[in-house]
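Since the structure comes first, as structure tokens, the remarks are kept for the end.
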Amino acid sequence: MSSNDSGSDAASPRLLPRFLALGAVAPVTALAVGVDGGAVFQILAIEELALDPRSVGIALGLGTLSIPLQLWAVRIPLEQARRNLRVHVVALGMMAVITAALLWFAAPGSVVAGLALVIAVLAEISVSVLYATSLQPLVSYSLSTAERQTMLGLGRATTGAVLLLSVLVFGQLGTGGRTVFLGVLGLLSFALAWALHVLPHPRTDRDDPSELGGEPKDAGASWAGFGRLFVALTASALAGWPLLLTWVALVLWPTVNLGVLGAALSVGSIVSSALWRDPGDRIFVVLRVAAVGTAVCSIGVAVIPRPIDSFGLLGAFAMALIVIGSASRSIVNIGLMELAHRRVDSRNSVRVMTMFDVIGSTSFQLGFFVAGFLIAASQTTSATMDPYQWWLVVTSAAFAIAVARLRPRPPVA
């Protein structure tokens with residue numbers, strides 16, 4: 001039996017609510033402590049800790065240190081997934097509490113405040129090695145087919161809504177409130193880690209060990225057709241507006257409410273995810289239209305005259321572009337994942353999906369690294385278009401071209 005079909009039809013009714021809680025608490029905590037340069041973390045870094053954009057970009061770029069660990073982690077036995085997931089949630093809780101302490105006690109711009117960047121790197125490694133290699137296998141063998149569909153629908157919508165609400169709330173709070181916010185996330189993480197003790201062990205006697213997280217059989221077979229998909233994934237990450245919130249706050253629109261801006265970055269993705277339906281054979285049309293939409297919005301943001309002084313017509317236009325661009329990019333990312341699932345089989349699925357995660361996360365981290373320097377340079381330039389604006393134009397054009405080059409291919413034999 002494939003691991004993808006191994007969900008129990010008699011799964012414990014206690015499991016689904018705890019997985020939904022995990023989807024609500026773990027992502028917001030991870031983003032708050034710096035994973036993927038989340039909006040909450042950028043607000044914290046800019047307004048509270050006064051961290052230099054170069055330092056933030058370098059720290060987030062150092063997440064690439066997890067690549068060798070990710071490649072090694074594919075060999076972790078499935079039996080360890082239950083423990084690794086709980087260890088990850090506990091680690092997130094500790095990081096949130098430590099970040100809260102830095103926010104309250106560390107002087108802005110100090111070396112001690114910079115420890116928040118060290119935490120961000122450690123959090124990225126924890127997500128890559130413990131979370132990414134544990135969650136989906138656990139969902140697969142722990143939940144019934146119907147429950148898994150609830151995770152994909154209600155679970156994804158819940159995660160997006162919680163992330164949106166957290167950005168709105170965090171943006172409105174003062175230093176004390178933000179400290180409490182992070183502390184509460186830490187306590188919730190500890191409680192969640194305890195609640196996950198009910199997760200069952202895998203039924204390895206019923207499944208093919210080659211499909212349960214170890215080295216797959218004939219793992220080198222049938223790589224043709226994945227090259228363009230990986231290129232499109234890389235382009236999507238680089239065109240994914242790395243540190244856009246930081247650039248807008250420091251260069252384009254210094255008076256913007258960062259909570260509202262962070263929400264604008266989230267709402268488009270939430271809506272498009274909720275509305276996603278399998279497009280069948282029309283998936284390439286959907287991908288290309290969404291990629292062009294992303295490029296148009298990116299170029300639109302890039303050519304807006306800076307700085308924006310108030311939330312007038314220009315400010316509303318910028319917000320609209322950000323919402324629509326986020327929705328379009330989310331559609332492409334979902335479509336790329338769908339293509340990957342259509343093309344893998346039991347011989348290459350573990351390796352391909354691991355590479356999918358490695359390439360995606362590494363490209364994001366490279367984007368953060370470059371964007372940090374570009375934003376720092378953009379603060380001092382007097383040119384009509386600053387370096388970060390050129391980055392938006394070039395990466396979005398490359399993204400549209402990479403998606404346009406994707407071609408239909410029969411499933412791997």
Item to check | Shape parameters for the range 19-99, alpha-carbon atoms, Rg then Dmax in Å | outcome: 14.6, 43
Checklist entry - Protein chains only, probe 1.4 Å: how do Y388, Y131 rank by accessible area, largest first? => result Y131, Y388
Checklist entry - Beyond 12 Å, what percent of the Cα pairs of the range 248-299 remain? => result 75
Item to check | Kirkwood-based shape ratio for the range 364-413, expressed as Rg/Rh from alpha carbons | outcome: 1.24
Item to check | Estimated inter-spin distance, A320 and V184, nm [label 7 Å along Cα→Cβ] | outcome: 3.5
Checklist entry - Under a plain spin-label model, where a point goes 7 Å from the Cα along Cα-to-Cβ, how far apart in nm are R342 and F311? => result 4.1
Item to check | Whole-angstrom gap from the range 88-135 to the range 235-301, using each part's C-alpha centre | outcome: 26
Checklist entry - Hey, rough spin-label estimate for D281 and A161, points 7 angstrom out along Cα→Cβ, what's it come to in nanometres? => result 3.7
Checklist entry - What are the ³J(HN,Hα) values, in whole Hz, obtained from phi via the Karplus relation 6.51 cos²θ - 1.76 cosθ + 1.60 with θ = phi - 60°, for each residue of the range 79-92 in sequence order, with x given for Gly and Pro? => result 4, 8, 4, 4, 5, 5, 5, 5, 4, 4, 5, 4, 4, 4
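The values are calculated or read from the model by the stated rules, or taken from the named source; none is laboratory data. Treat the numbers as computed from the prediction; the structure is a model and nothing was measured. Backbone-built Cβ (ideal geometry, glycine too); neighbour counts: all protein chains shown. Calculation scope for accessible area: heavy atoms of the full protein, side chains included, ligands and nucleic acids excluded. Shrake-Rupley method; radii C 1.70, N 1.55, O 1.52, S 1.80 Å.
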